[in-house]
Amino acid sequence: MISQSVENFLKNIYHLQDGDNWVTTTVLADKLGQRPASVTNMLQKLASSEMELIQYVPYKGVRLHPNGEMIALEVIRHHRLVELYLSKALGVPWDRVHEEAEKLEHVLSDDVEDRMAAALDDVSTDPHGSPIPTKDGQIARVDSMPLSEIDAGQTVRILEVNDDDSDLLRYLGDLKLYPGTDIEIVNREPFGDSLTIRHDGRELSLGEEATPHVFVSTTTRKKR
Ligand SMILES: [Zn+2]
């Protein structure tokens, strides 16, 4: 039986390792809001031959063992499916679903998971545009870059936004800037990452607190 705390470790390592990179204990401790010493303690347990959920090399860091990755992807599937279900089936606003999913992701039974998925037409992405892993642990790659990196003059589509800042989500929701929306970059400030965008015939400005957390499709990068 895997505890909630183990599930949270594996999930956060998955997000931080972004492919196949090693995650340092310091970065992980920071993300989990725990002391590095207790994080190291847990990592030693997770890496032990009895659990074999991660690879852990002192001074180098940690990355998931295939066993750990499977669990991480299952938790992420639960999380994103719950977010989608709450949003689509129950009408919970998109800035409030993450907090609920943080709890429900650990207690969802296979049966309820299947029923939630069956009740929804499309379970490819969650309300924030993040791909929902399949039951057998496959996950789509999102080829995107932060809005803060985009040059003026381009039209891009919003693909994904960070799910854990409810103030930002409320703000973006008020502006109707949801995944799937096309926006034109009208102007960018010479310094910082603030942008003026055009959407639905209106121009509006997006501050540098927002633009790094909105991920968009495009082919060309801003010249630095
Ligand atoms: Zn979330």
Practice problem: At least 1 residues that are within 16 Å of the ligand (Cβ to nearest atom) in each: list the strands (runs of 3 or more DSSP E) lying fully within the range 154-221 that qualify. | Solution: 155-161, 214-216
Quiz item: How many residues does the range 91-123 contain that are loosely packed, with under 13 Cβ neighbours inside 10 Å, part of a loop (DSSP other than H, G, I, E, B) and within 16 Å of the ligand (Cβ to nearest atom)?
Solution: 1
Quiz item: Filtering the range 123-156 down to residues that are in contact with a Pro (Cβ under 7 Å, 6 or more places away or on another chain) and free of Cβ contacts under 8 Å to residues at least 40 places away in the same chain, which residue is farthest from Asp111 (Cα to Cα)?
Solution: Ala140
Practice problem: Take the range 42-74 and flag every residue that is surrounded by 23 or more Cβ atoms within 10 Å (Cβ to Cβ) and either out of contact with any strand residue (DSSP E or B) (no Cβ under 9 Å at 6 or more places or on another chain) or among the small types (Gly, Ala, Ser) (or both). | Solution: Gly68, Ala72
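Report whether or not Asp165 is at negative phi and either surrounded by fewer than 16 Cβ atoms within 10 Å (Cβ to Cβ) or in contact with a Leu (Cβ under 9 Å, 6 or more places away or on another chain) (or both).
On the way: at negative phi: yes; either surrounded by fewer than 16 Cβ atoms within 10 Å (Cβ to Cβ) or in contact with a Leu (Cβ under 9 Å, 6 or more places away or on another chain) (or both): no.
When the stated conditions are applied, Asp165 does not pass them.
Which of the following residues is within 25 Å of Val142 (Cα to Cα), touching a residue at least 60 places away in the same chain (Cβ under 8 Å) and of a type in the set (Lys, Arg): Arg63, Arg80, Arg96? So that I can check it myself, show each step before the final result.
Working: Arg63 fails: touching a residue at least 60 places away in the same chain (Cβ under 8 Å); Arg80 fails: touching a residue at least 60 places away in the same chain (Cβ under 8 Å).
Result: Arg96 is the single residue among Arg63, Arg80, Arg96 that is within 25 Å of Val142 (Cα to Cα), touching a residue at least 60 places away in the same chain (Cβ under 8 Å) and of a type in the set (Lys, Arg).
Just to verify a result, which residue in the range 125-153, among those that are within 16 Å of the ligand (Cβ to nearest atom) and closer than 19 Å to Leu177 by Cα, is surrounded by the fewest Cβ atoms within 10 Å (Cβ to Cβ)?
Start the filter on the range 125-153 by keeping residues that are within 16 Å of the ligand (Cβ to nearest atom), which leaves 125-133, 139, 142.
Those left that are additionally closer than 19 Å to Leu177 by Cα: 125-131, 142.
On the way: Thr125: 19, Asp126: 28, Pro127: 24, His128: 24, Gly129: 19, Ser130: 23, Pro131: 19, Val142: 14.
My answer is Val142.
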Quiz item: Within the range 190-216, how many residues are out of contact with any Ser or Thr (no Cβ under 8 Å at 6 or more places or on another chain) and free of Cβ contacts under 8 Å to residues at least 12 places away in the same chain?
Solution: 4
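Each value in this text was obtained by applying a stated rule to the coordinates, not by laboratory testing. Remember, predicted model here, so these are calculated numbers, not experimental data. Using ideal geometry, Cβ is built from the backbone for each residue, glycine included, and neighbour counts are taken over all protein chains shown.
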